[in-house]
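Asks: Okay, handing you the structure first.
The values are calculated or read from the model by the stated rules, or taken from the named source; none is laboratory data. Since this is a predicted model, take the numbers as computed values, not measurements. All Cβ positions, glycine included, derive from the backbone under ideal geometry; neighbour counts span all protein chains shown.
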Amino acid sequence: MTLLLPLGLIGLLGVVALIIIYIIKPNYQQRIISSTYVWKLSLKYRKRSIPVSKLRNLIIILCQILILSICAFILARPSQILKEQADFDEIIAVLDASASMRAVNGDSETRYERAVKLLRDRAKAVFGKRGFVSVIIADSDPEYLVERCSYEDEYEFELLMDEMLTGERACTYGIADMEAAMVKCEDVLSDNPSAQIVLFTDTDYVNPPKRVEVVPVYEKGSEWNVAILNAYAETDENYYNFIVEIASYGMAYEATLNLNVEHVNAGEDVDTSVPDLNPNHYEAYVYCPDGVPQTVIFRHPESAIDYGENADITVIEQGDDFLISSYQTAHVWIDEFEDSISEADNSFNIYGGQKPVIKVQYASNNANPFTRGALLNLRSHFSKAGKWDINVKEVKAGEEPATSDYDFYVFENIMPERLPTDGVVFLIDPSSTPYNLGARIDEVPYYFGTLDNLELKDLLEGSDFDHPIMNGINLYFGDDRPALGISVFRKISGYDTGVYKELITCPSGDPALIVQNEGSSKIIIMAFSVHFSNIALNEAYPKLFINVFNYFFPSTVGKYFYEVGDTVAVNSRGESLDVALSSDSAESIPTITEFPYNITFTEPGTYTFSQTTYFGDDISENVFVHMPAYESDIWKIEDGLTVPYIETDMSDYFKDLLLYFAIGLVSLLFIERLLHLTEGV
């Protein structure tokens, strides 16, 4: 047995006080009285009970002493030892693997390499005392490299340390989630709360927690970094301005900023997939105070944007040769003299100056203003989003519509003899059945009511109403607005329900909107005309066209610039997608065949996504991935650090004996009270 609070034994002074009370307690005074027969008789009984009275009083005193003693022991928290607390050295080493740890000193040694050396030395000292070592790699998703490695496994530990500087275990180009790393420490602390956390990092913390030892791995005076934090192009009066954010950390620096713009205003006859050997070159000299980001704006001469007056913004006015309405690539870089991080953040590629072109043909024997408006809205929508450059050609009355060389065909009422096979086909109110449609269309329309008295019937949800093409389209709007309805439609039959999906049906049960997406056969059939429906009177009709485009022309990625560590969903307009990275050190990425596919960018550089569409078109798109701007600041200072929380459960080490002492206390109190009740007997 052990006492968790030995000071509770001070309560034993109560026993001393009890003894003193009995010592100083006054005796009864003796008085002489006359003797009688009754007195003598009672005296005989009294003499006979004296031995019992003395024994009872002795037991009462003993019970009182034991009661006070038990109370003192209860205050001292008596417990049984189940297991001993750790009396050996144990550390949890947290190794910062963020991009700023790639900064090199004058001896070309990175901070990460220095941290690994310090970690090995610290581990060796712990193993020498027969202790335990755990290592957490603090990257975007911290994990244990080793957990509670003992001195017996020191050789294997050294082999792991040798691998730390190469391959997958090398320093990353992303941000370290230090909060998650601290939470990971709780796994070991739950077994040994006295384990010491040692953080090897290049970040200074103003208020580091007491239980975390922060080991700095930077070298003052020999490390600095100049970096391009961000770069992008924005349209201004139909021409581009280029904005570059730049900063220097560790010392003030006057940077020479270069901008090369390739394939400026290139026509359709220019092959933009070939590098431009004579790009437009522009230059700027920027003074960067230590730690103060600067913004440089290459502005064209017809710009209408007022960037205001700001000491941290430098506007470089350009000449007439800077009227750039389109470009293939804009490459930005810094002329520098061996800063600490040169390859990862001293250059930047800006893509998106030439949007992919989607050619649309609209053919109708009576051009519909609602359909024309939906197509114009489509072009405007994707142009503002910077996603597609949609060219719409409307076939004039009397002209024969083309059945090739377009990406998207819209036939309204008038139908071709044979469907195009090189693009998406949208048939609206089909008047006949084209060859290779895979369905039959009645040429005679079906009416709800009579031709003189048409009735508007509500459209119903089809078996595949949750299809992406129906995203955000409601058939019912409540009491204040009528539901989507039709009064005339053409019956469609003879189609394979396993190929065509029924999105909307007519009140009669016939299909109103069906879609097929099988290889190169991509067809949408809307069995009614907007002239005999209220669909064009609300947002459902233009939204339908947008959904069709999003479904059949999915963007490979959402934008042209990401940071290392970002995870994005990629899509393809073909059966497969190949991904290549411009970095020579990059590992090959296997061909992607299932979509959407989540890809995580792990290295900076240009990622090229190549694919062959279902219609045989070869498409190549570039995305630039940059090291996070936060990591370019190699002299970061943070306010605080998350403290791992571990509540020590003493029941793991001790068994509480209070219950047993309480039972003894109650028993003695009962006995002592019972003895007092027998005093008059």
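Asks: May I ask you to say which residue of G449, G485, G494, G472 is within 25 Å of G438 (Cβ to Cβ) and small (G, A, S)?
Replies: Result: G494 is the single residue among G449, G485, G494, G472 that is within 25 Å of G438 (Cβ to Cβ) and small (G, A, S).
Asks: Restrict the check to region 459-472 and report whether at least one residue is under 16 Å from D510 (Cα atoms), in contact with a Pro (Cβ under 6 Å, 6 or more places away or on another chain) and not in a loop (DSSP other than H, G, I, E, B).
Replies: Taking every residue of region 459-472 in turn, none turns out to be under 16 Å from D510 (Cα atoms), in contact with a Pro (Cβ under 6 Å, 6 or more places away or on another chain) and not in a loop (DSSP other than H, G, I, E, B).
Asks: Mind checking which residues of region 422-442 are of a type in the set (D, E) and in contact with a Phe, Trp or Tyr (Cβ under 8 Å, 6 or more places away or on another chain)?
Replies: Those that are of a type in the set (D, E) and in contact with a Phe, Trp or Tyr (Cβ under 8 Å, 6 or more places away or on another chain): D422, D429.
Asks: Return the residue satisfying two criteria in turn: it lies in region 582-601 and is in contact with a Ser or Thr (Cβ under 7 Å, 6 or more places away or on another chain) and under 21 Å from A629 (Cβ atoms), and of such residues it is surrounded by the most Cβ atoms within 10 Å (Cβ to Cβ).
Replies: By that ranking, first place goes to S582.
Asks: Here is a further query. Please give the number of the condition Q85 fails out of (1) out of contact with any Asp or Glu (no Cβ under 9 Å at 6 or more places or on another chain); (2) within 30 Å of L145 (Cβ to Cβ); (3) at pLDDT 70 or above.
Replies: Answer for Q85: the failing condition is (3).
Asks: Out of the residues in region 252-272 that are assigned to a loop (DSSP other than H, G, I, E, B) and touching a strand residue (DSSP E or B) at 6+ places or on another chain (Cβ under 7 Å), state the one that is farthest from D320 (Cα to Cα).
Replies: Looking at residues that are assigned to a loop (DSSP other than H, G, I, E, B) and touching a strand residue (DSSP E or B) at 6+ places or on another chain (Cβ under 7 Å), I get A252.
Asks: Something else: Could you count how many residues in region 258-283 are surrounded by 10 or more Cβ atoms within 10 Å (Cβ to Cβ), farther than 19 Å from N346 by Cβ, at pLDDT 85 or above and out of contact with any Asp or Glu (no Cβ under 7 Å at 6 or more places or on another chain)?
Replies: 3
Asks: If you go through region 554-572, how many residues are over 30 Å from A176 (Cβ atoms) and surrounded by fewer than 20 Cβ atoms within 10 Å (Cβ to Cβ)?
Replies: 3
Asks: Taking only pairs six or more apart or across chains, which ones have beta-carbon atoms under 9 Å, a first residue in region 608-629 that is outside the structural domain of M101 (by TED's automatic domain parsing) and free of Cβ contacts under 8 Å to residues at least 12 places away in the same chain, and a second residue that is among the β-branched types (V, I, T) and part of a loop (DSSP other than H, G, I, E, B)?
Replies: Cβ pairs passing all conditions: none.
Asks: Is at least one residue of region 150-162 outside the structural domain of V625 (by TED's automatic domain parsing), under 22 Å from P193 (Cβ atoms) and in contact with a strand residue (DSSP E or B) (Cβ under 9 Å, 6 or more places away or on another chain)?
Replies: yes
Asks: Being assigned to a strand (DSSP E or B) and touching an Asp or Glu at 6+ places or on another chain (Cβ under 8 Å) is the filter here, so list the residues in region 284-295 that pass it.
Replies: Y285, V286, Y287, C288, Q294, T295
Asks: Restricting to region 95-124, count the residues that are closer than 16 Å to E163 by Cα, in contact with a Phe, Trp or Tyr (Cβ under 6 Å, 6 or more places away or on another chain) and among the small types (G, A, S).
Replies: Qualifying residue count for the region: 1.
Asks: Scan region 400-412 residue by residue and report those that are acidic (D, E) and either surrounded by 16 or more Cβ atoms within 10 Å (Cβ to Cβ) or within 23 Å of H531 (Cα to Cα) (or both).
Replies: Scanning region 400-412 gives D407, E412.
Asks: Among the strands (runs of 3 or more DSSP E) lying completely within region 305-353, list those that include at least 1 residues that are in contact (Cβ under 8 Å) with a residue 60 or more places away in the chain and within 15 Å of L259 (Cα to Cα). If you could, list the steps in order and put the result at the bottom.
Replies: Working: elements: 313-317, 329-335, 347-350.
Ranges flagged: 329-335, 347-350.
Asks: Hey, could you check region 413-445 for residues that are of a type in the set (D, E) and under 16 Å from A402 (Cβ atoms) and say which is surrounded by the fewest Cβ atoms within 10 Å (Cβ to Cβ)?
Replies: E417
Asks: Okay, next question. Among the residues of region 532-553, count how many are surrounded by fewer than 17 Cβ atoms within 10 Å (Cβ to Cβ) and part of a helix (DSSP H, G or I). Reasoning before the result, please.
Replies: Taking region 532-553 and keeping what is surrounded by fewer than 17 Cβ atoms within 10 Å (Cβ to Cβ), we get 537-539, 550.
Imposing the further condition that a residue be part of a helix (DSSP H, G or I) reduces the set to 537, 550.
Total satisfying the criteria: 2.
Asks: Additional query: Quick check: is even one residue across region 384-395 outside the structural domain of E268 (by TED's automatic domain parsing), in a strand (DSSP E or B) and among the acidic types (D, E)?
Replies: Applying the first criterion (outside the structural domain of E268 (by TED's automatic domain parsing)) to region 384-395 yields 384-395.
Filter again for in a strand (DSSP E or B), leaving 389-394.
Subset that is among the acidic types (D, E): 389, 394.
Yes; the residues of region 384-395 include at least one that is outside the structural domain of E268 (by TED's automatic domain parsing), in a strand (DSSP E or B) and among the acidic types (D, E).
Asks: Continuing with this model, one more query. Might you check whether a residue that is at pLDDT 95 or above, of a type in the set (D, E) and under 26 Å from D639 (Cα atoms) occurs anywhere in region 240-250?
Replies: yes
Asks: Then there's this: Condition first: at positive phi and not in a loop (DSSP other than H, G, I, E, B). Can you find one or more residues in region 555-578 that meet it?
Replies: Initial filter on region 555-578 (at positive phi): 565.
Within this subset, residues satisfying the condition of being not in a loop (DSSP other than H, G, I, E, B) are none.
No: zero hits.
Asks: Does T201 count as at pLDDT 95 or above, polar (S, T, N, Q), surrounded by 21 or more Cβ atoms within 10 Å (Cβ to Cβ) and under 24 Å from P604 (Cα atoms)?
Replies: When the stated conditions are applied, T201 passes them.
Asks: Can you spot a residue in region 175-191 that is in contact with a helix residue (DSSP H, G or I) (Cβ under 6 Å, 6 or more places away or on another chain), surrounded by fewer than 21 Cβ atoms within 10 Å (Cβ to Cβ), in the same structural domain as L119 (by TED's automatic domain parsing) and modelled with pLDDT under 90?
Replies: No, region 175-191 has no match at all.
Asks: Within region 393-411, take every residue that is among the acidic types (D, E) and closer than 18 Å to T421 by Cα and give me the one that is farthest from the chain's Cα centre (by Cα).
Replies: Only one residue fits best here, namely E400.
Asks: Working only within region 131-140, note down all residues that are within 25 Å of D566 (Cβ to Cβ) and either touching a Cys at 6+ places or on another chain (Cβ under 9 Å) or exposed (fewer than 14 other Cβ atoms within 10 Å of the Cβ) (or both).
Replies: Passing the criteria: I136, D139.
Residues checked against (1) more than 30 Å from R148 (Cβ to Cβ); (2) at pLDDT below 65; (3) part of a helix (DSSP H, G or I):
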| position | (1), (2), (3) |
| --- | --- |
| L9 | yes, no, yes |
| Y28 | yes, yes, no |
| R46 | yes, yes, yes |
| K54 | yes, no, yes |
| I61 | yes, no, yes |
| L68 | yes, no, yes |
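Asks: Something else: Where the second residue is assigned to a loop (DSSP other than H, G, I, E, B) and of a type in the set (F, W, Y) and the first is surrounded by 24 or more Cβ atoms within 10 Å (Cβ to Cβ) and lies in region 97-121, which pairs have Cβ atoms under 7 Å and are six or more apart or on separate chains?
Replies: A99/Y173; R111/Y218
Asks: For region 302-318, does any single residue satisfy the condition of being in contact with a strand residue (DSSP E or B) (Cβ under 9 Å, 6 or more places away or on another chain), surrounded by 14 or more Cβ atoms within 10 Å (Cβ to Cβ) and either at pLDDT 95 or above or of a type in the set (G, A, S) (or both)?
Replies: Yes, region 302-318 has at least one match.
Asks: Determine, yes or no, whether D458 is over 12 Å from I525 (Cβ atoms), modelled with pLDDT of 95 or more, surrounded by 12 or more Cβ atoms within 10 Å (Cβ to Cβ) and of a type in the set (D, E, K, R). Break it down into steps so the answer makes sense when it comes.
Replies: Values: over 12 Å from I525 (Cβ atoms): yes; modelled with pLDDT of 95 or more: no; surrounded by 12 or more Cβ atoms within 10 Å (Cβ to Cβ): yes; of a type in the set (D, E, K, R): yes.
Answer is no for this residue.
Asks: Another one. On the given criteria, is D153 modelled with pLDDT under 90, over 28 Å from D639 (Cα atoms) and surrounded by 14 or more Cβ atoms within 10 Å (Cβ to Cβ)? So that I can check it myself, show each step before the final result.
Replies: Values: modelled with pLDDT under 90: no; over 28 Å from D639 (Cα atoms): yes; surrounded by 14 or more Cβ atoms within 10 Å (Cβ to Cβ): yes.
When the stated conditions are applied, D153 does not pass them.
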